[in-house]
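A.B. asks: Submitted below is the structure of interest, expressed as structure tokens.
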Amino acid sequence: MDIITLGETMVLFTPNKTGMLRYMDQFSAQIGGSESNVAIGLARMGHKVGWISRLGNDEFGRKIFQYLRGEGIDLSQVEFDNNFPTGIYFKEMLNSEEVRVQYYRSNSAASHMQPGDLNEKYIASAKYLHISGITPILSDGCYEAILKSIEIARKSSVKVVFDPNLRRTLCSESSCKDILLEISSKADIVLPGKAEGQFLTGEASPENIAKILHENGSSNVVIKLGEKGAYYSAGGDEGYLPAHPVKQVVDPVGAGDGFAAGVLSGLLDGLDIKKSVHRGTVIGSLVTMVLGDIEGLPDRSRLEGITNQLSNEDVAR
Ligand code: KDG
């Protein structure tokens with residue numbers, strides 16, 4: 001395995017028009033989950049990826065399972081839980097830049113993950129373990145499972161990649177901060193957005209955010225700056241990269257996961273940190289131009305077409 005990730009994936013209901021949810025009457029059913037979004041992005045780039053989770057033993061669980069299996073992700077560590085359902089969430093598209101989400105995930109199957117679910121050999125076989133800050137705040141069992149996965153990874157020289165992915169609706173400010181800082185301190189690579197970095201460190205500039213996260217224990221910090229691109233500070237190398245141009249934002253949700261998939265894919269391909277971050281900015285931007293958390297993730301040939309500066313139309317012609 002190149003990368004193993006663990007977390008919750010839900011069925012996502014997206015309304016067919018903009019406006020408040022109370023006025024919506026038609027939805028399409030997609031799927032989304034930060035960690036499996038990253039897994040899909042990496043699998044589309046040809047990397048070997050495994051996802052660890054629990055799904056409800058229900059139709060939505062099977063929908064997610066089939067989708068991820070179709071993407072070529074290893075699901076040997078996914079359990080179907082007879083007692084709790086698959087989580088779901090709704091998007092509320094107020095306009096293309098203002099998207100809210102409404103979760104129905106409390107007591108979901110995935111929130112019942114436990115450290116005992118983890119197969120040590122499986123995690124130890126990977127090059128990277130990817131985790132997000134969403135999983136440890138789902139429940140005490142999930143928190144313990146995340147700590148255990150990190151412990152296994154570190155013992156086996158598997159690099160830990162952490163995206164804080166702050167979800168303020170799922171935990172209180174102080175407990176979110178403590179948990180995310182604790183996990184950052186154990187991660188080799190931390191990938192916060194600028195606002196998350198500010199939340200965690202109290203600093204506003206990317207340089208100062210990175211400095212504090214380095215002092216906290218992570219040697220590589222990459223900060224997502226949205227339309228301003230990204231800043232990286234890793235192994236003595238640091239710098240800013242511009243954002244890849246976005247023609248029109250259709251749905252920003254999932255861009256950070258696309259960014260993470262791009263950075264990790266670059267590192268797996270042996271690129272240096274600067275080129276890897278560049279790949280992250282390209283994939284992150286592609287995600288924002290398509291409705292859905294994963295539908296905009298490119299496969300390798302599309303990415304190569306774009307990085308060779310050919311537009312889709314040029315390729316099609
Ligand atoms: O990063 C996108 C995710 O937030 C989305 O796919 C759903 O995992 C999700 C969550 O917890 O919000």
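The values are calculated or read from the model by the stated rules, or taken from the named source; none is laboratory data. All figures in this text were calculated on a predicted structure; none of them were measured in a lab. Note that we place each Cβ from the backbone using ideal geometry, even for glycine, and neighbour counts take in every protein chain shown.
A.B. asks: From G72, G50, which residue is under 22 Å from G258 (Cβ atoms), without any contact (Cβ under 8 Å) to a residue 60 or more places away in the chain and not in a helix (DSSP H, G or I)?
C.D. replies: G72
A.B. asks: If C142 passes every condition in (1) within 16 Å of the ligand (Cβ to nearest atom); (2) closer than 22 Å to S265 by Cα; (3) in a helix (DSSP H, G or I); (4) of a type in the set (A, V, I, L, M, F, W, C) but one, which one does it miss?
C.D. replies: Result: C142 passes all but (2).
A.B. asks: Let me ask you something else. Before we move on, is A43 of a type in the set (A, V, I, L, M), part of a helix (DSSP H, G or I), more than 12 Å from the chain's Cα centre (by Cα) and at pLDDT 95 or above?
C.D. replies: Here the answer is yes, as A43 does meet what is asked.
A.B. asks: Mind telling me which of the residues K247, K275 ends up being among the basic types (K, R) and without any contact (Cβ under 8 Å) to a residue 24 or more places away in the chain?
C.D. replies: Only one candidate qualifies: K275.
A.B. asks: Among the numbered criteria (1) buried (at least 16 other Cβ atoms within 10 Å of the Cβ); (2) under 22 Å from M1 (Cβ atoms), which single criterion is violated by S108?
C.D. replies: Failed condition: (2).
A.B. asks: Out of the residues in the stretch 287-297 meeting the condition of being under 15 Å from the mean Cα position of the chain (by Cα) and in a loop (DSSP other than H, G, I, E, B), tell me which one is nearest to the ligand (Cβ to nearest atom).
C.D. replies: D293
A.B. asks: Within the stretch 146-165, which residues are away from the ligand (no atom under 16 Å from the Cβ) and either of a type outside the set (S, T, N, Q) or within 22 Å of G87 (Cβ to Cβ) (or both)?
C.D. replies: Scanning the stretch 146-165 gives L147, K148, S149, I150, E151, I152, A153, R154, K155, V158, K159, V160.
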